[in-house]
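The values are calculated or read from the model by the stated rules, or taken from the named source; none is laboratory data. These numbers come from a predicted model, not from an experiment. When we count neighbours, we look across all protein chains shown, and the Cβ atoms used for this are built from the backbone with ideal geometry, even at glycine. Keep in mind that these areas ignore ligands, DNA and RNA; they rest on the heavy atoms of the full protein, side chains included. Shrake-Rupley method; radii C 1.70, N 1.55, O 1.52, S 1.80 Å.
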Amino acid sequence: MTQLQSLPSEALCHHCDPKSLNFETTDDIPPLEKVLGQPRALRALELGSEVAGPGFNIFVAGLPDSGRTTLTSDYLERKAIDEPIPDDWCYVNNFDNPHSPKAINLPSGMATSLKDDIDALITRCKQEIQQAFASEGYTNERNHLAKAMQKAQEAELRKLETIAKESNFTISRTSSGFALIPVIKGKPITPEQLEKLSEEHQEKLTELREKLSQDAQTTIRGLQNIGETYYIKFKKLDEYTTIFAIDHLFKALKENFADYEKVTQHLEAIQNDIVENVDKFLGDKEESAAAPQWLSRYEVNVLVDNSELDGAPVIMESHPSYHNLIGRIEHRIVMGASQTNFTLIRSGALHRANGGYLLIPARDVLLNPYAWDGLERALRDGKIRIRELGSQLSLISTISLEPDPIPISVKVVLFGTPILYELLRQHDVDFAKLFKVRAEFATIMNRSEENAHDYALFIKSVVDDNKLPPFDARAVARVIEYSSRMARDQHKLSARFGRIADLVREAAYWAEKEGKDIVRAQAVNHAIEEKDYRNNLHEERTHELIQQDTLLIDVKGKTTGQVNALSVLSLGDYTFGQPNRVTASVHPGSDGIVDIEREAELGGPIHTKGVLIISGQLGRRYGHNQPLSLTASLTFEQSYGDIDGDSASAAELCALLSSIANIPLRQDRAMTGSINQRGEIQPIGGVNEKIEGFFTTCKNKGLSGEQGVIIPQANVRNLMLKSEVIEAAEEGNFHIWPITTIDEALALFTDMEIGKLQEDGSYPDGTFNHAVNAKLTQFHEVIKEKEASDKKE
């Protein structure tokens, strides 16, 4: 029998040679200036950020700690520097309809300039108006008009008085107009004298009074007409004086903004409003309506000020509520009543990112009520409409504002997991139209010399950003090795840069705590060990139970129908392996293989599939010349929780065949690997943790030099074992055997020839398979005899 060789120690881990990095410390290398290890995502980001068509927004899909947010943000910020700075936006009063404020866009920095210029303009206007209205010329002209109006009114009154006198009446002015009083002998009569007159005389006086009342009404209308005529003259005088006082101020400002039609139109509207309401700028300090509350109608509400940008904006909105995205209209409580105006309009993230990029966590925007609807509506319409959420939901009926919508040209970048992306595509009909680009961040990258060097650049960036001591080449090499272990592949590196950055920070912490000014490999190892220690309480307790023989695991001797299988447990972000005893029991029968885990409703569907494959493999190997007549049971001993996965199916088959053949299996060897119906061993996950779990058990019970783990050949590339396992392998105290078929596993467990199937369907004498086949034949004969006996009875 050809003895299978265990793997050499150099195959158990892909070490990184510090000399290949070509530097002594990270201080000797330049900073990282590219997206590391994500070529597919980079091309997607490039496409999404450059295509101008509608809907080319980006969904960045990746797992947490994959660097999706940081790397995307860094890429877009570098790209945005070379892009044009977008316009500023502001809201101004709509003097024709104050409930619909007007939006004005200006080149970067000019919105603030416009605000300052108009504030200064209003202050100057107030000063100039008050000076003009206090001037001698204005006073003389107003007095002249007042005298002319008084003269005209007095002439009209004299006409009425003359008519009244001719009819023996006199006129008395009252608060409500004129009173007509009869006159006798040049003196007004009293009411008592009037009552003493004859009825004929009284009737005559009444007729005269009625006639004179009509003349009085005519006079009153004349007086009103005179007042209205001179009111217009006073108004024109005030308008002329106001225009004369402020026109030169507005002309100068209009010339500064002559290229911006909306601004010049607004300045014209301000000037007209001041002329119409010039009285608001006059009066004493207490009565003047030109207080801040009134003057606010002329303010400029700068919604977006891009004056400090060096390129296009890149906005990260970490709290994407409806108002934080779309903007809001604030209110003031005045005398118990809610009031608002255009100066209380506030921008949202979409306004600030307009002309650039808006980065949003997808989960957060979906959890905030109405935020997703508002975002999609803005992207569909190409406009931002600021609306009161309460009025949209009909929760309030107060009058509010409806500002002009602002057109947007923004690239929205959502961050989420791949499953969230698929759910949105499936359940949101507009999602695929609005987010046409998927940038998926991989969790692993190739381990090449170039990528190893880039990894060092990334470590330097973490060091520089956090002001940490530099890492020497050996420390960087150790981080790279740990990254391959995270990737579970000797030829890959982990792209979950958040966790790598955490390791760098922790290693620097331990180095600084020990007073080191350079982080070396020992500090990296210390950080890894400390992290494991913080998380491995359950693993430690499990191995204590094994060492105390509370959990029964044998690592010496031989036992029939029993094998050490290996499983993996995950607790949060910590994963560890532990051995499990798998046993099989067989006897003649017709029930086939009974999966005890399934019968107890503890086995998952994948584990059940593995057991069914074992049944297929059993028939393929031994069912050529006879039907299989057996009842067998398989179980994980001392397992009281759910079991799933098929990584123990090869070990289960070995235990089953050992029980059938009554040939014991070595207990100093454990096995992991799934099997197919052709008897081939297939790769599994968690191979490093499984090997280390069995190694710890063997170490605690005493290493014999014969112990080891049987793994699938395809998993050799996944080996990134801890140093203590590698050292034990170098010293010959622990072994790892790679296999491709179940026969190789049986040879390692039994130290026997397994035997190949011959043309007549039998196996050579003295082989393991011959023993199995013979036992199955014996089972078949027992069943035949029982059936014959039952038939005879």
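Here are a few things to note about the model shown:
- Within the accessible area of the range 623-748 (1.4 Å probe), percent carbon and sulfur: 41 percent
- Ligands, DNA and RNA excluded, the heavy atoms of residue 77 present near 90 Å² of accessible surface to a 1.4 Å solvent probe.
- Solvent-accessible area per residue, Å², over the chain with all protein chains present [probe radius 1.4 Å]: 51 Å²
- Average projection, convex hull of the Cα set of the range 404-453: 6.2 square nanometres.
- Cβ-defined net charge surrounding residue 11, 13 Å radius [Lys, Arg +1; Asp, Glu -1]: -1
- When 89, 294 are compared by accessible surface with a 1.4 Å probe, the order from highest to lowest is 294, 89.
- Beta bridges by DSSP in the chain, antiparallel share as percent, to the nearest 5: 60 percent
- The separation of the range 40-73 from the range 740-793, counted between C-alpha centres, amounts to 60 Å.
- Per-residue 3J(HN,Hα) values for the range 764-779, derived from phi via the Karplus relation 6.51 cos²θ - 1.76 cosθ + 1.60 with θ = phi - 60°, read x, 4, x, 9, 4, 5, 5, 5, 5, 4, 5, 5, 5, 5, 4, 4 Hz in sequence order (x marks Gly and Pro).
- In order along the range 82-99, the phi-based Karplus estimate (6.51 cos²θ - 1.76 cosθ + 1.60, θ = phi - 60°) of 3J(HN,Hα) comes to 8, 9, x, 6, x, 5, 7, 10, 8, 10, 10, 5, 9, 5, 7, 9, x, 7 Hz; Gly and Pro are listed as x.
- Loop GluC sites (Glu not before Pro), the range 1-68, which have at most 10 other Cβ atoms in a 10 Å radius of their Cβ (DSSP): 33
- Residue 610 sits among other residues whose Cβ lies under 12 Å from its own Cβ, and their net charge, with Lys and Arg +1 and Asp and Glu -1, is -3.
- Summing charges over all other residues whose Cβ lies under 15 Å from the Cβ of residue 401, with Lys and Arg as +1 and Asp and Glu as -1, gives +1.
- The chain: angle of helix 537-547 to the longest principal axis, Cα-based, in degrees nearest 10: 10 degrees
- q = 0.11, 0.19 Å⁻¹, the range 221-326: log10 I(q)/I(0) [Debye, one scatterer per Cα]: -0.61, -1.10
- For residue 303, the amide hydrogen comes within under 5 Å of the amide hydrogens of 89, 90, 91, counting only partners 5 or more places away or on other chains and with H modelled in the peptide plane.
- Additional length obtainable on full extension of the chain from residue 28 to residue 560, 0.36 nm per residue less Cα span: 185.4 nm
- Loop-located trypsin sites (Lys or Arg not before Pro) in the range 462-533 (DSSP state not H, G, I, E or B) with no more than 16 neighbouring Cβ atoms inside 10 Å: 467, 516.
- The chain - mean residue ellipticity at 222 nm from DSSP helices (-39,500 (n - 2.57) per run, n ≥ 4, rounded to 500): -15500 deg cm²/dmol
- Among 613-619, 753-759, the order from most to least packed when residues are scored by Cβ within 10 Å on average: 613-619, 753-759
- Nonlocal amide H pairs with residue 51, under 5 Å, H built at 1.01 Å: none
- HN-Hα J in Hz across the range 125-131 - Karplus 6.51, -1.76, 1.60, θ = phi - 60°, x for Gly and Pro: 4, 4, 5, 5, 5, 5, 5
- Basic side chains Lys and Arg get +1 at the Cβ, acidic Asp and Glu get -1 at the Cβ, and with that the dipole of the chain about its Cα centre reaches some 1620 debye.
- Placed amide H near residue 589: partners under 5 Å, 5+ positions off or other chain: 630, 631
- Selection of GluC sites (Glu not before Pro), the range 243-351, meeting DSSP coil and at most 13 other Cβ within 10 Å: 286, 287, 308, 330
- Between the range 694-716 and the range 573-604, the Cα center-to-center distance that results, in Å: 22 Å
- Only one item in (1) 54; (2) 51; (3) 20 matches percent of Cα pairs over 47 Å apart derived from the coordinates shown, and that item is (1).
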